[in-house]
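Laboratory data are not the source of any read-out in this text; all were calculated from the coordinates shown. Keep in mind that what you see is a predicted model, and the values were worked out from it rather than measured. Please note: Cβ atoms are built from the backbone with ideal geometry, for glycine as well, and neighbour counts cover all protein chains shown.
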Amino acid sequence: MHAAAWLLAATALLAAPVWAADTAARDLAATCAACHSAPAGTPDAPPLLAGMPAPAMQAALTAFARRERPATVMHHIAAGLTSAQIALLAQWFESAPKPAAARQAPQGGQENSGAVLRFLESQPR
Amino acid sequence: MSPWSRRRSLAALGALALAGCASPAARGAPHVVVAGGGFGGATLARYLRLWSAGRVAVTLVEREPQALCCPMSNLVVVGQGTLADLTQGYGGLTRLGVRVVQGEVVGVDAAARAVRLADGRRLAGQRLVLAPGVGFMTDAVPGLALALARGEAVQAWKAGPETLALRAQLAALPDGGVVLISVPRAPYRCPPGPYERACLVAEFLQRRKPRAKLLLRDANAEITSKKALFTQVFAQRYAGVLEYQPNTELREVVGRTAQFDFDAVKADVLNLIAPQRAGDLLHGAGLARINGRWADVDWRTLALRDAPGVHVLGDATLAAPGMPKSATMANQHAKVAAAAILAELDGKPINPAPLLINTCYSFVAADAAAHVASVHQWDAAEATVKPAAGAGGVSPAASAQEARLARAWFASLRADSFAA
């Protein structure tokens, strides 16, 4: 087959009407953003999720859902997610780029990494 | 894609990126018109731009130069904060290339997916999104519209001048005076809002007008949100200052007297919240088809069931079971709609099973808050979204910790919705 035809065929495959997994993960992750998007320096802000290691996030969400981990609100939310949704979210956030605002803000990275640690480490209330 | 069409799309992208608010009708970029710049409309505009990488042109029409956020507005009513704390500009959206147009929508042409503005301009797109919030049925109660017009009663159910009017009336209340808050029949915007306001006003009276009383009259059979929490707080914190009465619907207003079924209440401050329906632009266009009050949408797309290409977001929708009319929920509606609109413009299937998450905080005192949360999953059998079993809930008690979390939630929701 001619190279250009191959390219066309490949493009057609990519554009095939299959609801892509990455769009599913993107849409799920967007639901979290309502609460997990506070500007750097916001006191008591829930952590930014981009870049969290997937196994740790999956374990955290699963523990929240089972009420095995102290929480104010996350147990109410995690319990409504299927294990497949939790896995998809964990994979998405691990490779998601950090928002520009968080990267650029002075000391933002430091504060966010602190929040991430608080999220990932079990901690008494 | 042919080299020619590819070059053309790149040119369109470049034009958008450079000009930010380039005329969207030009150059063939898909165009979405959004009417209403609250949490729903703003979030939709933002996510369309982000997820299309600037490929879809978005025009956001809003009457006001800036948004005034309703969350936290009850704190302003009792002097904890100012309107500036609630004011949200559109600069973040403009920087993302959203064309923000200040203007009042006076007509909707659903078939053409177009709106007409008061100054005669007409805006049309491949998709039209209406996010008008709620409208107030002040004519449903005899005398209410007149009392509100004269300032004898105030609603303060949208943040703005009325928020300050109510604050001024409370400040001027004589010690020993009476405040009346009347709650309309559900559904209305922000289910826990009236009870949050009652708590904050009761706390204000305890501190500043210790001989004054607050009457909370509710048209509903019981507290409509966070019931156990508010019941406990009313009894423990505000016994003696706050008197709650369910099943008590406002029937008429004459001067400063509110008439209920079995008695009349003469109050110094009348905070009478009117029954609600979809915002006026939707109602006026005949698109509020459920009882003439709310929009009937498909929850996989937020599209009106009987007007293809027209989507409705937020408080104006007939809510799915267990779904509150809240800023967070409008933000979540917008994301489902943005994903569906982009999929349809791309000729791809929509997300077959959308998920929405709601979290709302209510203050029960200036330094104590509690949350309600819920997760809403698509139910294919019933073709609607339903609260996930075993999920969601209310804080066991209000706390200072959750008051801090509430402020962070507000900051996050604004950042996510308005690119603030």
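Brief remarks on what is shown
- Residues in region B:344-384 that a label on B:ASP298 would reach, taking backbone N under 12 Å of a point 7 Å out along Cα→Cβ: B:344, B:349-352
- Result for chain B in a Gaussian network model with C-alpha springs under 10 Å: among B:LEU170, B:LEU405, B:LEU128, the largest mean-square fluctuation is at B:LEU405.
- The eigenvalues of the Cα gyration tensor, multiplied by 5 and square-rooted, give region B:97-187 an equivalent ellipsoid with semi-axes of 37, 16, 12 Å from largest to smallest.
- Length available on full extension from B:ALA168 to B:GLU252: 0.36 nm per residue minus the Cα-Cα distance, which gives 27.8 nm.
- If a spin label sat at a point 7 angstrom from the Cα of B:ALA221 along the line to its beta carbon, the backbone N atoms of region B:229-273 nearer than 12 Å would be those of B:247.
- With a Förster radius of 45 Å applied to the C-beta separation of B:ALA381 and B:THR94, the computed FRET efficiency comes to 0.55.
- Cross-link table B:LYS348/B:LYS386; B:LYS325/B:LYS348; B:LYS158/B:LYS325; B:LYS335/B:LYS386, entries beyond 20 Å C-alpha to C-alpha: B:LYS348/B:LYS386; B:LYS325/B:LYS348
- Residues whose amide H comes within less than 5 Å of that of B:GLU252, counting only those at least five positions distant or on another chain, are B:GLN259 (H built at 1.01 Å from N in the peptide plane).
- The fewest-to-most ranking of A:CYS32, B:CYS360 by surrounding Cβ atoms within 10 Å reads A:CYS32, B:CYS360.
- Gain upon complete extension [B:ASP263, B:ASP367; 0.36 nm per residue less C-alpha separation]: 33.9 nm
- Zero-based 20 Å bins, Cα pair distances in the protein assembly as shown, whole percents: 21, 54, 23, 2, 0
- Structure remark: mean-square fluctuation, Gaussian network model of chain B, C-alpha springs under 10 Å; the largest value among B:GLN332, B:GLN377, B:GLN232 belongs to B:GLN232.
- Cα gyration tensor shape for region B:234-305, rounded if a/c is under 1.5, else prolate or oblate: prolate
- Efficiency of FRET from Cβ geometry, A:ARG66 and B:ARG150, R₀ 60 Å, rounded to 0.05: 0.55
- Taken along the Cα-to-beta-carbon direction at a fixed 7 Å, the label points for B:GLU104 and A:LYS98 span 4.7 nm.
- Summarising the amide proton neighbourhood of B:VAL100: residues at separation of 5 or more, or on other chains, whose placed amide H is nearer than 5 Å comprise B:LEU60.
- ³J(HN,Hα), Karplus 6.51/-1.76/1.60, whole Hz, each residue of region B:248-264, x for Gly, Pro: 10, 9, 5, 10, 7, 10, 10, x, 9, 10, 9, 9, 10, 4, 10, 7, 10
- For the segment B:396-403, counting C-beta atoms of other chains within 10 Å of every residue's C-beta and taking the mean gives 1.
- A cut-off under 10 angstrom between Cβ atoms defines the neighbours of B:VAL98, and their net charge, with Lys, Arg +1 and Asp, Glu -1, is +4.
- A simple rule links phi to the HN-Hα coupling: the Karplus curve 6.51 cos²θ - 1.76 cosθ + 1.60 with θ = phi - 60°, which for region B:141-153 gives 10, x, x, 5, 4, 5, 4, 5, 5, 7, x, 6, 10 Hz, with x for Gly and Pro.
- Residues B:TRP294, B:TRP409 arranged by fewest to most Cβ contacts within 10 Å: B:TRP294, B:TRP409
- The packing ranking of peptides B:130-137, A:45-52, highest mean first, is B:130-137, A:45-52, where packing means the average number of other beta carbon atoms within 10 angstrom of each residue.
- Principal axis box of chain B, alpha-carbon based, largest edge first, Å: 79, 47, 39
- The length gained on full extension between B:ALA111 and B:ALA53, counted as 0.36 nm times the residue separation minus their Cα-Cα distance, comes to 18.1 nm.
- Computed from backbone phi, the HN-Hα couplings of region B:299-312 come to 6, 7, 9, 6, 7, 4, 5, 10, 9, x, x, 10, 10, 10 Hz, rounded to whole numbers (Karplus: 6.51 cos²θ - 1.76 cosθ + 1.60, θ = phi - 60°; Gly and Pro given as x).
- Cut-off under 5 Å, modelled amide H: who pairs with B:ARG63 long-range: B:GLY37, B:GLY103
- Remark on region B:70-120: hydrodynamic radius 14.0 angstrom, per the Kirkwood mean of 1/r across alpha carbon pairs.
- Within region B:282-418, the proportion of C-alpha pairs whose separation exceeds 17 Å stands at 64%.
- Sorted by Cβ neighbour density within 10 Å, fewest at the top, the residues B:LYS266, A:LYS98, B:LYS209: B:LYS266, A:LYS98, B:LYS209
- Helix axis angle, B:227-236 relative to chain B longest principal axis, alpha carbon, degrees: 30 degrees
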